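Please read the structure below before turning to the comments.
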Amino acid sequence: MSRFQQYRRHLCNHFYRRFCLQYLGTIAFALSSMVFTSNLSFAANANTSSDLEAASIALQQTGFQGAILAARGDKLLYKASIGNFGDVNRTFRFASITKEMTAIILMQEVEAGHLQLDQTLGTYWPDYPNPAVRAVTIRQFMTHYSGLFNDNAVPTFHMLNANNGDDMKKFATGMCAGQTNSQPGSTFDYNNCDYMVLGALLEKITKQSFAQLLQQRIFSPAGMTNAGFYTAAMPDNPDHVHGSLGGQAEPEVNLASYGAAGSSFGTLKDLLAFDRAFIKGKYISAKSRAEMIKPNAVGGALGVWVYPFHGADEKNPTVIVERQGWIAGIRILNLVDVQSGNILILVSTNGDLDLTQTWANKGPAAGLLKALLQSK
């Protein structure tokens, strides 16, 4: 199994796993049934917009419906809504993009001297209820090598009617403190519990709620004016973008139950602002960012994946920082070229469409990324 095939397999969320594995890549939407609405702004030149739009049309042939945004630095090159996404300015769940935000806040705490990446959870949380988990380092949590109990083992946990609320400490010390699956550092296992525990740890050491931390440290510095965090009072919002799964309307989800692993939301404009703030160093120092995006042997870094993309220039590949999100019928692919400021965001309302494989110059997004990197 390749380095990102394993990531894809574990990206499925809880009771959606059976849908994910059964239906990946099986549904194709006819182009004739698609409504294409393009909102181009500040295109660098006619060739740039033409190339990106051509790549966007090719993307539709994969079954993609949703929204696309391409930018370089402060210049917006392309923005489009395809099919049932509707208004390109609509709000959608960020899902596991939240993990990248959590990782940034953790790096801020490392910079402040409050945490060390290679210290154990027990150093900061000595009475954590599972002694085996106290031996896991912060880095192992951030890269999904904790061996922690996986919330996928509780298929109903994130169902809206399960009424699990939004108490991250309760999740971290309850379900996530269950029987571990492997020794720390031995096995990769993509797991929301890793970041629920980290979110609860941040609340413990900062004495602030995770929602406050997001607002003060992520949303406000970037100018993410429409971003927010699902709570028990708003476990979902009917006005936010929803998608399909298994060819049907997605099941109801308690989006508040993902906490620091996936409960943030916002617009394309907000996510673009987040990426720009990350590139410009508004969150953490260049040294801390270099540590965060330093890939391990399988491309995993701290809250993100990092790999060389050869699709635009075989001899001089572009280093891409990737973060995906997926809950039920909404998938997000967020690709950032830190060095040159290129940003590509895809938000899919077709939960059955696999957005991975960009690292291998394959998959739905590869053509768009190539067009963006080659644009002038």
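The values are calculated or read from the model by the stated rules, or taken from the named source; none is laboratory data. Note that the structure is predicted; figures quoted are calculated from it, not measured. Methodologically, a virtual Cβ is constructed for each residue, glycine included, from the backbone with ideal geometry; neighbour enumeration extends over all protein chains shown. All accessible areas refer to the heavy atoms of the entire protein, side chains included, with ligands and DNA or RNA removed. Shrake-Rupley method; radii C 1.70, N 1.55, O 1.52, S 1.80 Å.
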Looking at Ser264, Ser257, which one is polar (S, T, N, Q) and out of contact with any Ser or Thr (no Cβ under 6 Å at 6 or more places or on another chain)?
Ser257
Selected residue (criterion: farthest from Arg323 (Cα to Cα)) from residues of the range 100-127 that are touching a residue at least 60 places away in the same chain (Cβ under 8 Å) and part of a loop (DSSP other than H, G, I, E, B)
Trp125
So, in the range 250-265, how many residues would count as being outside any helix (DSSP H, G or I), surrounded by 24 or more Cβ atoms within 10 Å (Cβ to Cβ) and not aromatic (Phe, Trp, Tyr)?
4
Tell me which residues, restricted to the range 273-299, are open to solvent by 10 Å² or more (accessible area, probe 1.4 Å), in contact (Cβ under 8 Å) with a residue 12 or more places away in the chain and not in a loop (DSSP other than H, G, I, E, B).
Ala273, Arg276, Ile279, Ser288, Arg289, Glu291
Residue satisfying all of: in the range 55-90; open to solvent by 60 Å² or more (accessible area, probe 1.4 Å) and assigned to a helix (DSSP H, G or I); modelled with the highest pLDDT among these
Ile57
Being open to solvent by 50 Å² or more (accessible area, probe 1.4 Å), within 26 Å of Leu353 (Cβ to Cβ) and either in a loop (DSSP other than H, G, I, E, B) or modelled with pLDDT under 95 (or both) narrows it down to one of Asn226, Asn237, so name that one.
Asn226
Go through (1) in contact with a helix residue (DSSP H, G or I) (Cβ under 6 Å, 6 or more places away or on another chain); (2) under 30 Å from Asp87 (Cβ atoms) for Tyr195 and report which single condition fails.
(2)
Within the range 160-219, how many residues turn out to be open to solvent by less than 60 Å² (accessible area, probe 1.4 Å), charged (D, E, K, R) and more than 14 Å from Asn130 (Cα to Cα)?
3
Subset of the range 214-233, residues within 20 Å of Ser285 (Cβ to Cβ) and without any contact (Cβ under 8 Å) to a residue 24 or more places away in the chain, comes to Gln216, Ser220
Which numbered condition in (1) open to solvent by 10 Å² or more (accessible area, probe 1.4 Å); (2) in contact (Cβ under 8 Å) with a residue 60 or more places away in the chain; (3) aliphatic (A, V, I, L, M) is the only one that Leu344 fails?
(1)
Scanning the range 348-365 for residues that are more than 17 Å from Gly246 (Cβ to Cβ), open to solvent by less than 10 Å² (accessible area, probe 1.4 Å) and either among the small types (Gly, Ala, Ser) or not in a loop (DSSP other than H, G, I, E, B) (or both) gives Thr358, Ala365
Hey, does the range 110-117 have a residue that's at pLDDT 95 or above, closer than 30 Å to Ala222 by Cα, in contact with a helix residue (DSSP H, G or I) (Cβ under 6 Å, 6 or more places away or on another chain) and buried (at least 22 other Cβ atoms within 10 Å of the Cβ)?
no
Which count do you get for residues in the range 220-233 that are under 18 Å from the mean Cα position of the chain (by Cα) and within 20 Å of Asp166 (Cα to Cα)?
4
